[in-house]
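Here is the structure we will look at.
The values are calculated or read from the model by the stated rules, or taken from the named source; none is laboratory data. Just so it is clear, the model here is predicted, and its values are computed rather than measured. Positions of Cβ are generated from backbone atoms using ideal geometry, with glycine treated the same way; all protein chains shown enter the neighbour counts. The accessibility values were calculated without ligands, DNA or RNA, using every heavy atom of the protein model including side chains. Shrake-Rupley method; radii C 1.70, N 1.55, O 1.52, S 1.80 Å.
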Amino acid sequence: MTQHATGPVLEVNNIEVVYNKTVQALRGLSLAVPRGQIVALLGSNGAGKSTTLKAISRLLELEDGTLEAGRIAFDGQDTAQLAPQQLVRRGLSHVMEGRRVFEDLTVEDNLIASTYALSGRAGAPKPDFDLVYEYFPRLHERRRGLAGYLSGGEQQMLAIGRALIAQPTLMLLDEPSLGLSPKLTEDIFSIIARINAERGTSMLLVEQNATVALAVAHSGYIMENGKIVIDGSAERLASDPDVREFYLGTGGSGEAKSFREIKHYKRRKRWLS
Amino acid sequence: MRIGTFKETYVADAALFDSRTQHVWLGIAAVLLVAFPFVASDYWLYLACLIAINVASSTGLNILTGYTGLVSLGQAAFMGLGAYTVAILQARWGTPLLLNLLAGGFVAMVGGMVVGIPSLRVKGLYLAIVTIAASFIAHFLFANFSITGGTTGLSMQPGQLFGAVLDTSFRLYWLIVPVTVLMLLGAANLFRTRIGRAFIAIRDRDISAEVLGIPLLQYKLLSFGLSSFYAGVAGGLWAYFFRVVTPESFPLSLSIFFLAAIIVGGMGSILGGVLGAVFMTLVPEVLKLIVDLLPGGTNLTVFLSPVRLVIFGALIIGFLVFEPLGLAEMWRRTRRFFHLWPFRN
Amino acid sequence: QGADEIVIGGSIPMTGVFAFAGVGINAGIQDYVKIVNDAGGIKGRKVKYVPEDTGYKVDVSVAAFKKITSQNKVNLYYGDSTGFAKTINPELDRNGSILMAGASFATELNDPKKYPHQFLVGPDYTEMFGILLNHIAKEKPGAKVAFVYSDSEFGRDPIDSSEALAKKLGLSVPVKIMTPAGSVDVSTEVIKLRRAAPDYTIFHGYILAPIPEFITQGKQQGMQSKWMGTFWTMDSSTVMKMGPDGEGFMGVMPYRYYYDTEKAPMLEKIRAMRPEYQSTAYTQGFLAAMLFLESAKRTLEANKPLTGDNLKSALNSIKDFDTGGLIGVPITISGNSIPVGRVYRADMKAQKMVAASDWIKL
Amino acid sequence: METSPAHGMHAAAPPLLQVDGVTLAFGGVRALSGVGFDVQRGSITAVIGPNGAGKTSLFNTISGFYRPTAGSIRFRGQDITRVPPPQRARLGLARSFQNIALFRGMTVLDNIKLGRHAHLKTHVLDALLYVGRARREEAELRRDIEERIIDFLEIDHIRHAPVAALPYGLQKRVEMARALAMQPEVLMLDEPVAGMNREETEDMARFILDVRAEWGATVLMVEHDMGMVMDLSDHVVVLNFGQVIAQGTPAVVQADPEVARAYLGSGDVGALRAKLQAAAGRAPAPAAQGAA
Amino acid sequence: MMDWAYLFEISLTGIASGGLYALAALAFVMVYKATRVVNIAIGEMLMAGAYLFFTFAAMWSLPLWLAIPAAVLASGLLGAVIERTMIRPLLGEPPISAFMVTVGLGSVLVGLVEMVWSADQRRLPDFMPSKPIMVGDAFLAPKVFWGAVIAAVFIAAVLLVFRYWRGGVALRATASDQGAAYSVGINVPRVFSLAWVVSAMLAAVSGIIVGSIGGISSSMGVFGLSVLVVVIVGGLDSVLGALVAGVLVGLVEALAGAYLGGEYKLLATFIVLVAILMARPYGLFGTREIERL
Ligand SMILES: Nc1ncnc2c1ncn2[C@@H]1O[C@H](COP(=O)(O)OP(=O)(O)OP(=O)(O)O)[C@@H](O)[C@H]1O
Ligand SMILES: Nc1ncnc2c1ncn2[C@@H]1O[C@H](COP(=O)(O)OP(=O)(O)OP(=O)(O)O)[C@@H](O)[C@H]1O
Ligand SMILES: [Mg+2]
Ligand SMILES: [Mg+2]
């Protein structure tokens, strides 16, 4: 799609992030997203997944976080020189945690706002609202309503739809299934898979629902405490015993455990100790 | 060096001043407050009284704005209510001073609660403007009623307490400073209990607070009431201090002054309100002192006077840009620097 | 050496809404003190002037007073606002060592019983109206006079008493218009004024705005009124800012203007010290210092200590006193004010105020 | 633990909470229409349904934040439809919120203490003076929270931390602690495990079971994690477009074709994976099939 | 007996002077719409614009057609500087911080004006036609009339721009959520600057008109208080609200002044304000805050 047809779209090299000059959230994290692939990033609460995405899209500064060390390259270019909106305009879209739709704007105005991502891009692509409405017919029904009154799932659709308008080469998705019904989660993930297949969009996917995440992803990383602890192809991760116990909830047999039979004192994660 | 102060009981953990060091500091502060009038000149005594009055009023505003999150630009008007009440009582009926002060507080409290009624529906800046409206209405009443002496205002005799005539800053100091200290203690206590927690909850998320068991209107009114009670008592002290109360005594700029004080000091912190009021009262005086020290005398004063306005504004801006959490946070940081604060982060 | 000094303290509004006056007052006091000191002081004592800026705020003024009096043995004090005068006078009465004058001409202060240690450096506001109304009654008996004033203590001060006086002088007051403080757009008020069709309109409680707008719009609407103002409007530079429509603007002025050509040795002295125009506020400050020090001199000559009471009775002993031409007639201070003044009229071509009446003594 | 206490008294005791014909409209939008179901004392009842079905609105109606346009809500047999929210809290209706509603300006401890608000009696004067009742009440409250709640939920290490900087999972746990401090008879949890991974979900599931066992509280929860809903609940209510489309035991509900169509999706991980990878245009990898 | 001609004349004047309020309110709304900053120094920004015009026209004797644009541009620059140095560093801080910054800004501007031009009152050169406007028998002060016309033109222009230019969406999006605005490619700092520059320029136009009616002085900022009332009545973020409320407040003030007396002017507007807020807590056209649990 772009001039650098080879090499990963995104390379993150040994980054360290500190919040409020006091809280260290990332400690030497490295990862890469190969072109055209979906990469899952898993990890428990507070591991630093969202922080990683914010560091990449440079939205970190808004929350008083700083990138203290390391290098992030998008399409071969160091992101340190680019302002957040410039990154977006070059094709890096971040769908943030917690949906973050413009509540006071209508659905359609949310999409219009997103057309700024196309400003100044070579070839002047046209915004394609129909594409969004085709993926998410529900948004079409509610396009004149205020985004703030959409239900959680609808807001999530809108957030992804906004990113689609930007016609990105790389999408950063932060917990797209958060709070969505099982069916909608499936739907959203099929759409994510479709977008990836049809448009060749690369994706870095943060997700708590490891089952679906590893189902769509080509490869994945697992992080704890600001570092990557395991990485590998989706298949390899899905068969790792620790991942199976702590992320997929399946015992050694592969059968899902019942929540009623949880031991009070559980085995600790091996990679944590 | 303290690495963790271990508390034996939960009560000790919840105490207002939790360590030996703090008790020592408190003792030193008390001794200084008692000794001050015997060493200070009339000017510094005057300033001390003025500061104490401003501290009382700022603390009240801090309850409302800093802790409950209801921005008010009417604090000066509520002070006016208190001051007029005291002046009328003192000048017309000569009732006892402490009673007058309480009455001033209560009248202001009622006024504050009336102004607070819209607060259930009207929020944020809209509410702030309602308080401005209220203060203009109060100003109108002050200026157009005969009982308040119209635009001329009221003059009154010095107050009397325990047989002493409070006609010098020295004597007033012994009224104003203890009353202020009491009010400060009250405010600090408030935030150890359910009432204070309810205020903070309303500030942070009022709608969920309601579902958690806090009747919003009642507590918003309570906050308005308490805050204006503080303002009213401060206004009463003001009346005894200046002994002339006119409609122009409590302008909007005074309300802004109090707001600036709690922001510069640190919103939602009792210490912040105190530091802010001290700082904001002293800044103009210190700037004047500096100008006085420069060679050039009064001609320089004329030239440099507008500079003070600039510096005053720049200070507010500077604080917000560089230290948004205010003086209280600076103080805390300094303290952390001296104690090895146990394992924060 | 310090004890020998005579100290004039001053709460001077060098910033804020009244700064234009404060700056002039400060210079006036300073200059007269310099003249006296250059001439060897008062009975061998040097005079020291200690001013503080107040921004025209009462609490700041009081702070300045406290500061100055705690650092100096003050005998004489110049205060800025009415509010300040009212706040401090009880204190003066108690400690009894200071005589005070100030920038306020409030009628209320012109009461020797209530304010025994205060005096006004000219007529009070009611007396100013009295001078204007006397002039009008003579010029056009039975005329209609409108009052336009600001909603402030300053503005409301003389209105009620002056309405009564107008009646007594056979004049009528068809309309009294109060404008809110700080208002810029006065179109409605002008309409109201025009409908009353006054022969004279007296503005009070303003410095400049919104007077020019009143006059301009009034003239545009065909009003035939004559326009008048009181002391704080009447500085030459202020009136000249009214532009062409200010032609013929009249008002009461207790002092001579800087450029007056009638014989006035003190004015000549001032013009020698300061070659550029000095405002009437300057003259006010200058005269205040002159009366201050005259009282001090008389007290010392009588071998009395410089207490507030002594200074005040020395002040009240002033009879037919020649101000060196600052005021065109010899003055007598029997109470708290100097009820003398004259009506001046703006001559825009010459960019000067010219006398429109004789000196009027009430 | 095998059978919940509710089962035994099903017929005898009246339901603790009865929602009857509740309808709620916002302008034109009908968030709820004629919703009715019972919550038995001591049960775990789950409300599920597609996004926008009205689950949160239902919670808001029960806790009094929304006033229903029609219908009634009865609690312990008493009609509380017109009772204002703070009073319902005092009656024992406690809840957590879908979008975490902790008070960011307070520490964890104060947040939890706040939950007890409606049960305390301190007045302004007591508070200002901090003697007598205020002091006593605060001390008791502190002990109770420390010993029964903080300990139970294993959050003692963060009790003095400001809530704002806590990771999401801990924030959810603090919300639960605050709800427990409200001395709940009915504990309403709105998506208690959203955004948690499997391990954390397991912790939360254990807390929910223990709350019922140790505190005797009745639990009403909204949740999208079907594994947890099906394993934990005694009774499941399914909402769609503001209407109850099914209710009953987990097994009954799961078998309902309407529910599967509107809400559950395929539910089969293996099939899902195949579908996703087909969508992504890849052949299903052999290893993946093994795992499923 | 009702004097209808008088009522008509007063109302006409009230409506026209309401136009001036509306223009200044527009300057306020621009900033609020984009940045959620309540600019309490709006009166002082008017003052700054008027003094710049005074400097160019009266002190440097530039011709009017040059002095007016120069003053407006210089004000825009001032707006940019204010945004850059005081507002942008507060991105992400609570709204009250930015509010207080503008309080400080007001003080700084007054101080600067007094330093450079002294606190004296001054008159601006006349540049508007002085031929009285007659509507029937009713008289309308020419400055007020032409001021209202200029105001109407600007408000119409802004309304059109917001209607047909996607920049309006960018403005609202930025105000709604800055982080999200970045993430959709909006240049948030640019939106901030733009809003402040345009606002400062509108304030300058408004200041020049107001100053040419009432004269200028360092205390001219009190005009801002009426502006504040107008934006609250209209709704802080509504352009249409600024227009309607401006006219409404102008009318109320005129009627109160005419029939009750000058001291009732502010009182009447404030009572109207409180009444309107009780019925509509976000003003006539303000966006209501979305509150969901
Ligand atoms: N704005 C902030 N200020 C201070 N600390 C923060 C901030 N945001 C995150 N942190 C801290 O940084 C760490 C990583 O947080 P992050 O949000 O990246 O985690 P996460 O992996 O996305 O977790 P979750 O699954 O809960 O979303 C946590 O310990 C968190 O407390
Ligand atoms: N205050 C409100 N004003 C207008 N519409 C509202 C309001 N609150 C909710 N709605 C609408 O009511 C419907 C139900 O919303 P609700 O939040 O109850 O859904 P939910 O079932 O909790 O969904 P989710 O699982 O996504 O949280 C939605 O269509 C929503 O847009
Ligand atoms: Mg996260
Ligand atoms: Mg919900």
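Residue-by-condition table, conditions (1) facing another protein chain (nearest Cβ under 8 Å); (2) touching a helix residue (DSSP H, G or I) at 6+ places or on another chain (Cβ under 9 Å); (3) acidic (D, E):
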| site | (1), (2), (3) |
| --- | --- |
| E:L78 | no, yes, no |
| E:R88 | no, yes, no |
| E:L91 | yes, yes, no |
| E:P94 | no, no, no |
| E:F99 | yes, yes, no |
| E:S107 | yes, yes, no |
| E:W117 | no, yes, no |
| E:D126 | yes, yes, yes |
| E:K131 | no, yes, no |
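Residue-wise test of (1) assigned by TED's automatic domain parsing to the domain that holds B:V283; (2) modelled with pLDDT of 75 or more; (3) open to solvent by 30 Å² or more (accessible area, probe 1.4 Å); (4) of a type outside the set (D, E).
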{"residue": "B:N299", "(1), (2), (3), (4)": "yes, no, yes, yes"}
{"residue": "B:L304", "(1), (2), (3), (4)": "yes, no, yes, yes"}
{"residue": "B:V307", "(1), (2), (3), (4)": "yes, yes, yes, yes"}
{"residue": "B:I311", "(1), (2), (3), (4)": "yes, yes, yes, yes"}
{"residue": "B:I317", "(1), (2), (3), (4)": "yes, yes, no, yes"}
{"residue": "B:R333", "(1), (2), (3), (4)": "yes, yes, yes, yes"}
{"residue": "B:R336", "(1), (2), (3), (4)": "yes, no, yes, yes"}
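Of all residues in the stretch D:66-111, those satisfying the criterion of being farther than 14 Å from B:A209 by Cα and either touching a Cys at 6+ places or on another chain (Cβ under 9 Å) or of a type in the set (A, V, I, L, M) (or both) are D:A70, D:I73, D:I80, D:V83, D:L91, D:V108, D:L109. Take the conditions (1) part of a helix (DSSP H, G or I); (2) within 10 Å of another protein chain (Cβ to nearest Cβ); (3) of a type outside the set (G, A, S); (4) in contact (Cβ under 8 Å) with a residue 24 or more places away in the chain; A:T51 misses just one of them, which is (2).
Being surrounded by fewer than 24 Cβ atoms within 10 Å (Cβ to Cβ), at negative phi and out of contact with any strand residue (DSSP E or B) (no Cβ under 7 Å at 6 or more places or on another chain) is the requirement here; does A:D187 meet it? When the stated conditions are applied, A:D187 passes them. Taking the criterion of being among the aromatic types (F, W, Y) and not in a loop (DSSP other than H, G, I, E, B), would at least one residue in the stretch C:242-254 satisfy it? There is no residue in the stretch C:242-254 that is among the aromatic types (F, W, Y) and not in a loop (DSSP other than H, G, I, E, B).
Of all the residues in the stretch D:155-184, those that are open to solvent by 10 Å² or more (accessible area, probe 1.4 Å), closer than 26 Å to D:A53 by Cβ and away from ligand 3 (no atom under 16 Å from the Cβ) number 1. For the stretch D:122-154, a residue qualifies if it is closer than 17 Å to B:F199 by Cβ and open to solvent by 40 Å² or more (accessible area, probe 1.4 Å), and the qualifying residues are D:H123, D:L125. For the stretch C:71-83, does any single residue satisfy the condition of being closer than 16 Å to C:H117 by Cβ and at the interface with chain B (Cβ under 8 Å from one of its Cβ atoms)? Looking through the stretch C:71-83, none of the residues is closer than 16 Å to C:H117 by Cβ and at the interface with chain B (Cβ under 8 Å from one of its Cβ atoms). Close Cβ contacts (under 6 Å, 6 or more residues apart or on different chains) running from residues in the stretch D:93-120 that are surrounded by fewer than 22 Cβ atoms within 10 Å (Cβ to Cβ) and modelled with pLDDT of 95 or more to residues that are in a loop (DSSP other than H, G, I, E, B) and basic (K, R) are absent.
Residue-by-condition table, conditions (1) farther than 19 Å from C:D151 by Cα; (2) part of a strand (DSSP E or B):
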site: C:E213; (1), (2): no, no
site: C:K219; (1), (2): yes, no
site: C:M223; (1), (2): yes, no
site: C:M228; (1), (2): no, yes
site: C:W232; (1), (2): no, no
site: C:K269; (1), (2): yes, no
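Considering the stretch A:21-70, the residues that are closer than 15 Å to A:P84 by Cα, under 15 Å from the mean Cα position of the chain (by Cα) and small (G, A, S) include one that is farthest from ligand 2 (Cβ to nearest atom), namely A:A55.
Residue count for the stretch A:69-93 under the criterion of being more than 8 Å from every other protein chain (Cβ to nearest Cβ), farther than 17 Å from A:T201 by Cα and open to solvent by 20 Å² or more (accessible area, probe 1.4 Å): the result is 8. When the helices (runs of 4 or more DSSP H) confined to the stretch D:52-130 are screened for residues that are within 14 Å of chain A (Cβ to nearest Cβ), those reaching at least 2 such residues are found at D:55-62.
Assessment of the stretch A:137-152 against the conditions (within 18 Å of the chain's Cα centre (by Cα) and either open to solvent by less than 30 Å² (accessible area, probe 1.4 Å) or within 16 Å of ligand 2 (Cβ to nearest atom) (or both)) yields at least one matching residue.
Quick grid of which residues meet (1) assigned by the TED database to the domain that holds D:H119; (2) within 16 Å of ligand 2 (Cβ to nearest atom); (3) part of a helix (DSSP H, G or I):
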| position | (1), (2), (3) |
| --- | --- |
| D:R148 | yes, no, yes |
| D:K172 | yes, yes, yes |
| D:P192 | no, yes, no |
| D:D210 | no, no, yes |
| D:M228 | no, yes, yes |
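Go through the stretch C:223-251 residue by residue and tally those that are surrounded by fewer than 20 Cβ atoms within 10 Å (Cβ to Cβ) and facing chain E (nearest Cβ under 9 Å). Adding up the residues that qualify gives 3.
Among the residues of the stretch A:94-108, those identified as open to solvent by less than 40 Å² (accessible area, probe 1.4 Å), away from ligand 3 (no atom under 16 Å from the Cβ) and out of contact with any strand residue (DSSP E or B) (no Cβ under 9 Å at 6 or more places or on another chain) are A:V101, A:F102. When D:E199 is tested against the conditions (1) facing another protein chain (nearest Cβ under 9 Å); (2) within 16 Å of ligand 2 (Cβ to nearest atom), the lone failure is (2). Of the helices (runs of 4 or more DSSP H) lying entirely inside the stretch B:9-117, the ones with 3 or more residues being modelled with pLDDT of 90 or more and hydroxyl-bearing (S, T, Y) are found at B:42-61. Check whether at least one residue in the stretch D:192-210 is within 16 Å of ligand 1 (Cβ to nearest atom) and under 20 Å from B:V211 (Cβ atoms), and report yes or no. Checking the stretch D:192-210: at least one residue is within 16 Å of ligand 1 (Cβ to nearest atom) and under 20 Å from B:V211 (Cβ atoms).
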